[in-house]
Amino acid sequence: MIEGMPPDGHGRLFIAGEWRAPAAGGYRPVIDPSTGSTIGQAPIASVDEARAAVEAAAATEESWAAVTGHQRARILREIAQRIRADRDPLARLIALEVGKPIAEARVEVTRAASVFELAAEEIRLLGGESYPADAYEYPAGNDSRFLFTVRDPMGVVVAIGPFNFPLNLLCHKVAPALAAGNPVVAKPTSSAPFTALRLAQHLQASGIPPGVFNVVLGPGGAIGSTLVEHPRTRLVTFTGSTEVGKQLAEAAGRHAKRVILELGGLDPFIVLDDAPLDVAVAAAARGAFGYSGQVCTASKRFLVQEAVADRFGAALATRAEGLRLGPASEETTELGPLIDRAAVDRVERMVEDALHRDAAVLAGGRRSNAFPGGYFFEATVLDSVPEGAEVVRQEPFGPIAPILRFEKVEDAVRIANATPYGLQASVYTRDFARAFRVAKQIRAGSVHLNDPTNLRWDALPFGGVKESGLGREGIRDAMLEMTEVKLISVNYADG
């Protein structure tokens, strides 16, 4: 039996502190992407069960908000300790459910624990502001008033997580919501139910009161819509595709609900002609092929100045060919599977489209049959990719490094910005004046100079512009998004 999974292989919903089999008996098979085999059954909630989860959370709004900050911090630190102690079983669940190489999965677990620790610390810093009332002429009497703001919990937060970081990105939603005094209904990906349900076990064991944290799974259309549109839901935080994010924002907007959306990206990795090529190539390999490119911040468009494009492409191809392909659970694996067969088909189609447009394959370019049943694609480097190719217009979410050559720096800026997305970007050069000029012109939530696009500091603001998202994650920023500002005035005049 796999540690962390129920003995019968069937997951349970977690509602109002109780573990429940889905009332309608609905389950969906959970597939190991490394083998294509079924490893368990994800419980699929009904619409009534989704409503029950929101109502269970809403029933705890006042009581959870009344728990003192230091008590909430103690619970969050206990959760962090339990996650750290459970690192290897959680990492193996992640590897099995979503095909993330075990070494990368361990890093994810460690980061998830730190997210709860960071949220516990931010409770002490989540304060309001004071204002000098006598600095304002109107209304009269301000010379005897004191003005200040406080931050109140919003209420029920619905947290919808993606498959690619089934633990850490869910924790990025849950931890700040709980720290700010909000109850949560989590809807993790149905691809990785057991990772999320094991997290729920740790929250329950750490003293989270019944109803403050709930977990339901199911399709976004029926279950997601029910959670978003429920009248007691006050905020929806979502990581996933831009298409689904727009639908959620529209639904939330009809009911004046707040949203935090972390959506797709076509993150440009710009290499100027004076770049430290060894550093750039090593970072490019991490950015393109880490978790097989299934990361919103993965480097997806390599904009390389003509003078160094041949050397960069050859060196990156060598790196790609040297990656060890294998099942996610094996310690030596550097390039694991994609999430499912449809992902392999999509990547293959994008490569074929680029080749039809006269791009050249420097490495890979094919699905791999080295591990029968699994969903593998070779690490691929494409050169001379035209701007119209599908692989640089849509998010591939696969191990592809498409190189677009440019002559002038202004061409790189134009190409970088010629997309509806704006999540992260990288610029490689030894000339920092040049780097800053380029960075200022790129429209993105973050720009990294001589660092890969797939960097994220869990404590700091994270999010995109344009169609890459709304609002910001990062523990403090998320807590600000998840609270309401209330102005309080005190009149201390004698009469």
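The values are calculated or read from the model by the stated rules, or taken from the named source; none is laboratory data. From a predicted model like this one, the values you see are computed outputs, not experimental measurements. So basically every Cβ, Gly included, is an ideal-geometry build from the backbone, and we count neighbours across all protein chains shown.
The single condition among (1) crowded, with 21+ Cβ neighbours inside 10 Å; (2) under 12 Å from S34 (Cα atoms); (3) not charged (D, E, K, R) that P372 does not meet is (1). Residues in region 348-369 that are touching a residue at least 40 places away in the same chain (Cβ under 8 Å) and either surrounded by fewer than 16 Cβ atoms within 10 Å (Cβ to Cβ) or in a loop (DSSP other than H, G, I, E, B) (or both): R349, A359, G364. Residues being closer than 28 Å to G26 by Cβ and over 18 Å from the mean Cα position of the chain (by Cα) are entirely absent from region 262-282.
Within region 12-31, the set of residues being closer than 20 Å to I94 by Cβ and touching a Ser or Thr at 6+ places or on another chain (Cβ under 8 Å) comprises R28, P29, V30, I31.
If you take the residues of region 14-39 that are on the phi < 0 side of the Ramachandran plot and of a type in the set (G, A, S), which of them is surrounded by the most Cβ atoms within 10 Å (Cβ to Cβ)? Within region 14-39, the match that is surrounded by the most Cβ atoms within 10 Å (Cβ to Cβ) is S34. Of all residues in region 3-58, those satisfying the criterion of being modelled with pLDDT under 95, of a type outside the set (D, E, K, R) and either touching a His at 6+ places or on another chain (Cβ under 9 Å) or within 16 Å of L199 (Cβ to Cβ) (or both) are G4, M5, P6. Residue check: T233 meets all listed conditions (1) surrounded by fewer than 24 Cβ atoms within 10 Å (Cβ to Cβ); (2) in contact (Cβ under 8 Å) with a residue 60 or more places away in the chain; (3) under 20 Å from the mean Cα position of the chain (by Cα) but one, namely (3). Residues in region 75-88 that are surrounded by 16 or more Cβ atoms within 10 Å (Cβ to Cβ) and part of a helix (DSSP H, G or I): I75, L76, R77, E78, I79, A80, R82, I83, R84, R87. Among the residues of region 327-347, just one is farther than 19 Å from E395 by Cβ and without any contact (Cβ under 8 Å) to a residue 60 or more places away in the chain, namely T332. Of all the listed residues (R301, R286), the sole one being buried (at least 23 other Cβ atoms within 10 Å of the Cβ) and of a type in the set (K, R) is R301. Return the residues of region 325-339 that are assigned to a loop (DSSP other than H, G, I, E, B) and within 12 Å of F376 (Cβ to Cβ); say none if nothing qualifies. Within region 325-339, G326, P327, A328, T333, G336, P337, L338, I339 meet the criteria.
For the residues D345, D278, the requirement of being over 25 Å from T189 (Cα atoms), surrounded by fewer than 22 Cβ atoms within 10 Å (Cβ to Cβ), not assigned by TED's automatic domain parsing to the domain that holds L480 and not aliphatic (A, V, I, L, M) singles out D278.
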